[in-house]
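Here's the structure, in structure tokens; my notes come after.
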Amino acid sequence: MMTTPTGFDAQGKPEISCQACVDFILDYLEGVLPAREKATFERHMNICPNCVTFVENYKKTAAMAQTVGASPEDAPPVPAKLVEAILKARKHGH
Amino acid sequence: MMTNTQTSSSTERIAAEAPLIERLRAGDDGAFAELVSTHTGRMLVVARRVTGSEADAEDAVQEAFISAFKNIEQFDGRSTLGTWLHRIVVNAALMKRRRKRSRPETSIEQLLPQFDDGFHREKPQSIEVVTNGGGGSIVEREAVMAALDELPDEFREVIVLRDVEGLDSKSAAESLGISDSLVRQRLHRGRQALMKLLERRMKGIES
């Protein structure tokens, strides 16, 4: 298949669709997308503002979920009665 | 806090736990108390994120420990106790959540991007712009937790393990008993659905 450095094919249409681009996002961000697809993905990103916004939102979404996990205020104090109940349950042979 | 599994070698940590495991297998009360006091906090955090409820999280942690006590002989020592307990509490919490589910789940399909002829049907709006107008990190955090709660469980649990808990795909796959590739597929679709839910929440649109 003929490729161009522009992200468009010989007929002037985008080389790949947005849907194909979206399918590549996770592998691209994790650095496991094969070189050929990676180059195609990057060319599409050069010509498609919708996909640029979509990928930014995707990254932001993952980052926000990761922030929830890293938040120190999220760690609850351990209720002493829970620890007691767990150890008691063991004693009673549960 | 997120566990950083990369900074210390698993092999070293597994070796360091060997004496405790021996004491657990010998039925040493002190060893069980040590196990519970060391891991309960972390397990509660995980369980709360999976169940979305403090009370259910406590129940799940208790059930997880009871299961662990019963099965300590079967612990093969190939992972750390923390990893083993994590897997058990995730499963206990998932069971708890599944038993209590009372509302129909949102279908993942309607949360995924729509395409016409392969191209975006709607112009995506930047979440960042909306977020800046919506407030600080607590607002974001609450929005993420609420949006996560709307995801179908199979996607929610993968995002909780991979993004929220920071596990890699392989560890998440082990915890969930599914393949690495299925974890990645669900993560990818789940993130896109979460993105849509966050867009809606941050725009104040009720879904």
Verdict on B:L35 being at the interface with chain A (Cβ under 10 Å from one of its Cβ atoms), more than 25 Å from B:I159 (Cβ to Cβ) and in a helix (DSSP H, G or I): yes
How about the range B:109-160: which of its residues are modelled with pLDDT of 85 or more and within 13 Å of B:R191 (Cβ to Cβ)? B:L111, B:L112, B:P113, B:V144, B:A147, B:L148, B:L151, B:F155, B:R156, B:V158, B:I159, B:V160
Inter-residue pairs, beta-carbon under 6 Å, first within 10 Å of another protein chain (Cβ to nearest Cβ) and in the range B:46-67, second outside any helix (DSSP H, G or I), 6+ apart: B:I66/A:H94
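Matching residues to (1) modelled with pLDDT of 90 or more; (2) more than 29 Å from B:E122 (Cα to Cα); (3) not small (G, A, S):
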| position | (1), (2), (3) |
| --- | --- |
| A:M2 | no, yes, yes |
| A:A20 | yes, no, no |
| A:I25 | yes, no, yes |
| A:T53 | yes, no, yes |
| A:G69 | no, yes, no |
| A:E73 | no, yes, yes |
Applying the selection to the range B:1-46, what residues are modelled with pLDDT of 90 or more, surrounded by 13 or more Cβ atoms within 10 Å (Cβ to Cβ) and more than 17 Å from B:T80 (Cα to Cα)? B:D28, B:A33, B:L44
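The values are calculated or read from the model by the stated rules, or taken from the named source; none is laboratory data. Nothing here was measured: the structure is a model prediction, and the numbers come from that model. Cβ sites come from the backbone with ideal geometry, for glycine too, and all protein chains shown count toward neighbours.
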